[in-house]
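**Student:** Have a look at this one before I ask anything.
The values are calculated or read from the model by the stated rules, or taken from the named source; none is laboratory data. Being a predicted model, the structure only gives us computed values, none of them experimental. Here the Cβ positions follow ideal geometry from the backbone for every residue, glycine too, while neighbour counts run over all protein chains shown. Ligands, DNA and RNA are excluded from the accessible area calculation, which covers all protein heavy atoms including side chains. Shrake-Rupley method; radii C 1.70, N 1.55, O 1.52, S 1.80 Å.
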Amino acid sequence: MVGHVCDFSVTKLLTKEESFKHTETLATLGYMAPEYGSTGMISTQCDIYSFGIVVMETFSARRPTDETFGEDMSMKSWISYSLPHDVLQVVDPNLLRADDEDFNVKLQCISSILELALHCADESPQIRLNAEDVVGRLNKIKLQFL
């Protein structure tokens, strides 16, 4: 469990009147939204994308730039293929073991969080949730598994 600093909040460059902006600000490969990488356009949805990637990294203990991933398999596709039946294959073994108390409940909770992360990291910014909806879904997951 090692903490990482992320380059969130590229949208701080936006004024209240702007919903998107063109920029040449650098972002970290693997964490930047596809539309930012291809066009330099930033929006609040870029931060949502990065959040989804960081959540997947946190629960899998793998970075999106891990050498096991390449053109054939990305971290997103690896996690997506594991849901819903093979989640244990992608979860960091330090977070969950088969002999843990309430194993199935914890596994379902992690599965729900990873599904949310995949939704946040969708290729299309129009499909991604907004920050308020992400917080709402995280709270719903928390309440469901208390």
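**Student:** Would you pick out the residues in region 75-92 that are open to solvent by 20 Å² or more (accessible area, probe 1.4 Å) and in contact (Cβ under 8 Å) with a residue 24 or more places away in the chain?
**Tutor:** Across region 75-92, the qualifying residues are Lys76, Ser80, Leu83, Pro84.
**Student:** Can you pull out every residue in region 97-113 that is open to solvent by less than 60 Å² (accessible area, probe 1.4 Å) and of a type in the set (Gly, Ala, Ser)?
**Tutor:** Ser111, Ser112 - these are the residues of region 97-113 that are open to solvent by less than 60 Å² (accessible area, probe 1.4 Å) and of a type in the set (Gly, Ala, Ser).
**Student:** Which condition breaks for Leu116 when tested against (1) open to solvent by less than 30 Å² (accessible area, probe 1.4 Å); (2) farther than 16 Å from Tyr49 by Cα; (3) in contact with a Lys or Arg (Cβ under 9 Å, 6 or more places away or on another chain)?
**Tutor:** Leu116 satisfies all of (1) open to solvent by less than 30 Å² (accessible area, probe 1.4 Å); (2) farther than 16 Å from Tyr49 by Cα; (3) in contact with a Lys or Arg (Cβ under 9 Å, 6 or more places away or on another chain) except (2).
**Student:** Tally the residues that are over 28 Å from Met32 (Cβ atoms), touching a residue at least 40 places away in the same chain (Cβ under 8 Å) and in contact with a helix residue (DSSP H, G or I) (Cβ under 9 Å, 6 or more places away or on another chain), restricting the search to region 93-127.
**Tutor:** Of the residues in that region, 0 qualify.
**Student:** Separate question: Identify, from the list Thr44, Thr25, the residue that is over 14 Å from the mean Cα position of the chain (by Cα) and at pLDDT 65 or above.
**Tutor:** On inspection, the qualifying residue turns out to be Thr44.
**Student:** Exactly one of (1) free of Cβ contacts under 8 Å to residues at least 60 places away in the same chain; (2) open to solvent by 30 Å² or more (accessible area, probe 1.4 Å); (3) within 19 Å of Glu123 (Cα to Cα) is unmet by Thr44. Its number?
**Tutor:** So Thr44 meets the others, but not (1).
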